[in-house]
Structure formats: structure tokens, C-alpha cells
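The values are calculated or read from the model by the stated rules, or taken from the named source; none is laboratory data. Keep in mind that this is a model prediction, so the values were computed, not measured. Note that we place each Cβ from the backbone using ideal geometry, even for glycine, and neighbour counts take in every protein chain shown. These accessible areas exclude ligands, DNA and RNA; they are computed on the full protein's heavy atoms, side chains included. Shrake-Rupley method; radii C 1.70, N 1.55, O 1.52, S 1.80 Å.
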Amino acid sequence: MSQQESRHRVAIYPGSFDPVTNGHLDIARRGARLFDELIIAVYALPAKNLLFSVEERVALWQEVLANEGLNNVRVEKYTGLTIEYARAIGGQAIIKGLRSPNDFDAEFQQGLMNRKLAPDIETVCFLTNLDQLFVSSSLIKEVASLGGDVTDMLPASVARALKQKQGETRK
């Protein structure tokens, strides 16, 4: 076996994941098949209107992964530049999901900047499944807050947590 074949391939899948959707889970499953180790990197301080704390988002991912049996995937929170986090944990790739041309534009620019900062770390993009094309965490939160049923777009444990969280915010 050559040195390259024996190299442990580590990828990170970064995001705010507020909340985890079936689309996120699909990307994680596919990344786990391609890499020896996948780290779900939950960004602690996104400039977004968050519903779940970073601890809750990490815990939700952990529960989802335990239910899925994805043994080569773990969840960690991080702050700072994604590329620096990837370098610190020995990652060779950053995984991104693409749903739309807007996603492509944003990820393309970010990927080029990451390439400039760390040419040894690749950006790998997965096209979304057609079933998840319109799903975003922001849209799910909005629909759920207005009483819409989003349970088929979320892992079961996340759907329960969202329903509970929405109930808390209405009080």
C-alpha cells in the first residue's frame, strides 16, 4: 500500500445547522462514505438569528448521528476561520452542500478564499438531492413558527426539539 493510499482522510462539514435538516444529514452521510473521518463543525457564532444555542445544535447532531449509526462522524463546535479549524484538526477537505445558484456563488467565493489561505485543503461540493432542493434551516424555522408541518424535512429528534423550542418561544 502506498503512502497516499494509507493516509487517513479527514473532512469537515461546517455550518450553523440551526436546525439540522434532512438535507444536512444527506450531505453528512455522503461525506462519511468518501472520507475516513468526517467532523460536523458547528459554528458557534454565526451572524444569524439563532433559535438553538451552540450546545443544543451540537447535541442535536450527536443524537441524529447516534440514530444513523455513522461511526466515522463526530461533532465539534468551533469559532474563527473555518480553514484554520480544518488545519488545526488535520483536515484535508471542507465539505459544502449546494442547493441553488446563489449557494454556488457564495461557496465559490469562499472556496477560492480558502484555497488562497490554505492551498493544501480542498473544498468538496455536493449537489443536494432533489427532495431537499427548497429546504433551508431559515425557511423551516419560519414555517414552523407559523404553525406549518415541517416534520418530514427534519430528522425525528430534531423535529421534536424544534416543536418544543417553538412552544417555549410562544410563551
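Amide H contacts for Tyr13 (H built 1.01 Å from N in the peptide plane; partners 5 or more residues away or on another chain; cut-off under 5 Å): Ile39, Ile40, Ala41, Ile95. The relative contact order of the chain, computed from alpha carbon pairs under 8 Å that lie at least 6 residues apart in sequence, is 28 percent. The residues of segment 10-170 have, on average, 52 Å² of accessible surface per residue, using a 1.4 Å probe with all protein chains present.
A Förster radius of 30 Å, combined with the Cβ-Cβ distance separating Ala66 from Gln109, puts the computed FRET efficiency at roughly 0.30.
For the pair segment 52-121 / segment 137-163, the C-alpha centres are spaced 22 Å from each other. Normalising the average separation of contacting C-alpha pairs (under 8 angstrom, six or more residues apart) by the number of residues puts the relative contact order of segment 87-132 at 55 percent. Taking 0.36 nm per residue of sequence separation and removing the Cα-Cα distance, the Ser100/Leu81 pair yields an extension gain of 4.4 nm.
Dividing the mean sequence gap of close Cα pairs (under 8 Å, 6+ apart) by how many residues segment 44-110 holds gives a relative contact order of 23 percent.
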